[in-house]
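The values are calculated or read from the model by the stated rules, or taken from the named source; none is laboratory data. Remember, predicted model here, so these are calculated numbers, not experimental data. As a convention, Cβ positions derive from the backbone with ideal geometry for all residues, glycine included, and neighbour counts pool all protein chains shown.
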């Protein structure tokens, strides 16, 4: 009945499949005329359409398992998911069912007949079914052992390639086997700032002995260009509001507002309050990758230096480490930094500070003219950026030797490592899956 009603328009601007009607046009004006004609025919033949099932003036739409639009014909992503989640066929009937779905989309599959040939062969009478990899007796062995097991009984052209492809796609292996490859992802260094205190890193050193003021932690601020530091005694339970006040007292008051703040994913830095503060101030907040503190290598190295210096000078009672912070901070800022080949104090202030060792010794140096002073300061900062870039390149080169490049696209489903995740699963952790997902 539907085909009879729309016979004149079918193939011109109408497609009909059972009770589904597709109207297509070249322009919006033409589409309006086509819709009027189609609606008129529905009324004429007393056919009724549910409004909530109708879609008008769409540039892309789903139709019979496809996406139809300006870019042509595509497979509906939901159908792709259905194929990906299709259970492994256990008999001839299930294989035929799967091949029926796959055949519907064969136009989108390159070398379709070649790809499905092994499955098609299993539908023939007398075909032997035997799994050498995924059964309990197969043991989910690797590529080599699976190929050897098959070679004992069978051989066909391309056996090695097919075994490699099959084992590589095994979901159980992907979830549960140890990853022996180099860690994925090359080092992505942070951009080197142009001015002092334009970009600031921050972190906490925790688990320190409790002192008389109740402090048990140190808040570390690092200027990412000159590597000048500020150390602040605090507590591990400091709130985001209190942290904001410490930031104003020890960074903003002395150096102005940085454009970028770099931190790890400590709850204080991921809180709504802190995000609102930085957004209000116009400062961009950058977080290190989860479970990868090396993203902010400068602060991590500063923390190690601070801990070593405190160990060298702290008293036997370990209750005076906060008294040492100002002196240790000065010592760090007055020491040549390996990355910049210069002292942070000089890069910030343009001069050598007076120390107990140099106090009273003078007369042998002359102050340069103001112009020369500014010029030398700019040259020092330029040199610092140069050495930082070289240091960063060297660090990236060493780090990437132990890593491998991986590429993901937005929307890809990936497995998530359980190494740093607490799973609420009964049983021994040793037998937990090493990967979970798949998630976006």
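Just a few scattered comments:
- Those residues of the range 220-266 which are surrounded by fewer than 20 Cβ atoms within 10 Å (Cβ to Cβ) and either at positive phi or under 27 Å from the mean Cα position of the chain (by Cα) (or both), in sequence order: 240, 256, 259, 260, 265, 266
- One residue stands out among those in the range 88-122 that are in a loop (DSSP other than H, G, I, E, B), without any contact (Cβ under 8 Å) to a residue 40 or more places away in the chain and touching a helix residue (DSSP H, G or I) at 6+ places or on another chain (Cβ under 8 Å): the one that is farthest from residue 24 (Cα to Cα), which is 89.
- Residue in the range 176-191 that is within 30 Å of residue 265 (Cα to Cα), at pLDDT 70 or above and crowded, with 16+ Cβ neighbours inside 10 Å present: yes
- Meets criteria (surrounded by 14 or more Cβ atoms within 10 Å (Cβ to Cβ) and farther than 15 Å from residue 64 by Cβ) for residue 104: no
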